[in-house]
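No value in this document is a laboratory result; all are computed from the given coordinates. None of these values were measured; they are calculated from a predicted model. Positions of Cβ are generated from backbone atoms using ideal geometry, with glycine treated the same way; all protein chains shown enter the neighbour counts.
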Amino acid sequence: MPSKKIKIAVPEHEGQVSIMFSRGGPRAGAGRKGIGETKKISLTLTKEVWDELENRCNESGLSRSEVIRGILEFSLNENNQIT
């Protein structure tokens with residue numbers, strides 16, 4: 001197995017250490033772009049609702065977050081009243 005050359009990069013921000021391989025490496029602005037603000041929530045649903053959510057995830061190939069986000073955005077865009 002060929003060995004990979006690595007080098008330690010000088011951190012741009014206090015407390016960050018980067019290991020760079022011979023190609024590429026951390027760059028300002030690189031990586032996946034965020035789609036919005038992340039807030040952690042706790043959600044209590046019946047087993048039947050969780051099961052339906054899992055079914056929709058499996059059928060669509062989407063994550064729970066993606067399915068829940070879609071449901072919320074649809075509901076809010078339709079100006080539906082939540083009771």
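Assorted remarks:
- Exposure proxy shown here: for 68, 35, the number of other Cβ atoms within 10 Å sets the order, fewest to most, as 35, 68.
- FRET efficiency for residue 73 and residue 48, using Cβ-Cβ distance with R0 set to 22 Å, rounded to 0.05: 0.45
- Selection of trypsin sites (Lys or Arg not before Pro), the range 34-83, meeting DSSP coil and at most 14 other Cβ within 10 Å: 39, 40
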